[in-house]
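What follows draws every value from the coordinates through simple rules; no lab data is involved. It should be emphasised that the depicted structure is a prediction, and the values quoted were computed from it without experimental measurement. Note that we place each Cβ from the backbone using ideal geometry, even for glycine, and neighbour counts take in every protein chain shown.
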Amino acid sequence: MNKSNIAWVTDTTATLSPEFIKQHNIFVVPLFVIFGETAYKENVEISSAAFYQKLASSKELPKTSQPSPGEMLDLFKEIKEKYDHVIAIHVTGALTGAYNGAISAAEETGVDAFVLDSLIGSFPLGKMVERAVVLEQQGKTFEEIVAEIKSLPAKGRLFLTPGSLEQLHKGGRVTGTQSVLATLLNMKVILKFHEGRAILSDKVRSHKRAIAKMVDYLEVEKNQVKEVTIIHADNLKEATQLKTTLQAQFSHISFSITELSPVPGTHAGRGTVGLAWLGE
């Protein structure tokens, strides 16, 4: 039996650092991005940088795919042999099948598991995993950890102004047809996550106003936030400039920069920028 009796599972959209994954023995299930007939495991077989280069030169938009049921089942069988419990925290179940796949694998193997739908992805998802692991380090039991982390999805925030409304529309990842209208009117949109789905939050007349609107959202919650990341999709220059501006405006908050991983980047498009955090 492993000295830790809890196995931690998440997926590649969490963008956890390799060091954290190795240190805490996190099982990371890859999602796939597909160019033509070739499928790549995001952040495993194709890095974000390589993905955005390929996206820029590709004539057709790539597709995305969840882990196969067989892969998830094999992972949970392996875990059952070594651990007493599993805590799996996954990207929103409304947009990919990783969450439902984990539930099915847990039921089929009979392992004692708690599967949490983060209702979000990217940085907030990664922070949920990190906070949960800290609870284990504090000596909390499986049951105590489960009780505490159930409240985390409600604290996740992710706002984006997408680089490509066309990709969002084709991918069907945003509810409604307002993205088409916004394109026709040459407007910028801001997306937010609500109950696990990406929805249109605002439409504004310029990119500058879109950024300002996202900063307004942070202003409202600043007293409940210690860490914020600037999300970007092949847009490091703007993300770096925004980080400098925000650090001066919110001196008590620690800011970082996170590149959107290939699967969500497929839908948001190159040039996307946004803000994300997990409230206290």
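Please get the size of the charge dipole for the chain, origin at its Cα centre, with Cβ charges of +1 on Lys and Arg and -1 on Asp and Glu, quoted in debye to the nearest 20.
For the chain, the charge dipole is close to 1240 debye.
Using Cβ contacts closer than 10 Å as the measure, can you line up V134, V263 from fewest to most?
Ordered by Cβ neighbours within 10 Å, fewest first: V134, V263.
Determine the sum of side-chain charges near V146: Lys and Arg each +1, Asp and Glu each -1, restricted to other residues whose C-beta is under 14 angstrom from that of V146.
Around V146, the surrounding residues sum to -4.
Can you sort H85, H232 from fewest to most other Cβ atoms within 10 Å of each residue's own Cβ?
Going from sparsest to densest Cβ surroundings: H85, H232.
If you scale each eigenvalue of the Cα gyration tensor by 5 and take the root, what three semi-axes come out for the chain, rounded to whole angstrom and sorted largest first?
Semi-axes (√(5λ), whole Å): 31, 23, 16.
So what is the 222 nm mean residue ellipticity for the chain from helices alone, if each DSSP H run of at least 4 adds -39500 (n - 2.57) and you divide by all residues, rounding to the nearest 500 deg cm²/dmol?
Rounded to the nearest 500, it is -12500 deg cm²/dmol.
Take T141, T15 and order them by how many other Cβ atoms sit within 10 Å, fewest up front.
Starting with the residue having the fewest Cβ neighbours, the order is T141, T15.
When DSSP assigns beta bridges and you keep just the ones with both residues in the chain, what percent turn out antiparallel, to the nearest 5?
55 percent
Among 206-218, 151-163, how do they line up by average Cβ neighbours within 10 Å per residue, starting with the highest?
151-163, 206-218
Too long at a 28 Å Cα-Cα cut-off: which of K41/K188; K150/K192; K77/K127?
K41/K188
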